[in-house]
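Reviewing the structure listed below.
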Amino acid sequence: MGMFPCTLDRPHRFQGKASALYANLAVNGSTLGSKVRMCRPHAEEVREWFEAKMHLVAVGEQVLEEDIQASITCSLCEAHGPTSGLFVNMYPVGEEDRAYYADVCATCARVVELRLHLSP
Ligand SMILES: [Zn+2]
Ligand SMILES: [Zn+2]
């Protein structure tokens, strides 16, 4: 039995090692953050979502503040308008770490905030 429950979506207990992710959302000059521990199936599920919707950040690649503010298209739903920068570092069990970046509109930011339990 893992020491901590999987907290993606509804919390549940699981066996084996936990995968982890750290998420940050820069919104209106402040940053919301979270750390989520997940079972392997949930880690795979959320990673598929990141792979489909987010930009995979190469090792050593810098995402510049100017790029964030210049973006007016949401990476998730393709709505045009102001966006916030979402960063995710993922640590899947038995695999290499990876980092993702996306510009998200206010609506998608709210969805991400709830799903990844982001808080100030
Ligand atoms: Zn789970
Ligand atoms: Zn959106």
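Derivation of every value follows stated rules applied to the coordinates shown; laboratory data play no part. Remember, predicted model here, so these are calculated numbers, not experimental data. For neighbour counting, all protein chains shown are included, and Cβ atoms are generated from backbone atoms with ideal geometry for every residue, glycine included.
If you fit an axis through the alpha-carbon atoms of helix 106-115 and take the longest principal axis of the Cα set of the chain, what angle between them do you get, 0 to 90°, nearest 10? Once rounded, one gets 10 degrees.
Between beta-carbons, use under 15 Å as the cut-off and find the net charge around S119, counting Lys and Arg +1, Asp and Glu -1. Once all neighbours under 15 Å are counted, the net charge is +2.
As a proxy for reagent exposure, T107, T7 were ordered by neighbouring Cβ count within 10 angstrom, fewest first; the result is T107, T7. Taken about its Cα centre, the chain carries a charge dipole of about 700 debye when Lys and Arg each add +1 at the Cβ and Asp and Glu each add -1 at the Cβ. Between A102, W49, S75, the Cα set farthest toward the positive side of the dipole of segment 19-115 (charges on each charged residue's Cβ, about the Cα centre) is that of W49.
Angle of helix 40-53 to the longest C-alpha principal axis of the chain, folded into 0 to 90 degrees and rounded to 10: 10°. Taking the fewest neighbouring Cβ atoms within 10 Å as the starting point, the ordered list for L32, L21 is L32, L21. Among V93, V57, sorting on how many other beta-carbon atoms sit within 10 Å of each Cβ, with the fewest leading, yields V93, V57.
A simple spin-label model places pseudo-atoms 7 Å from Cα toward Cβ; at C77 and A106 they are separated by 1.2 nm.
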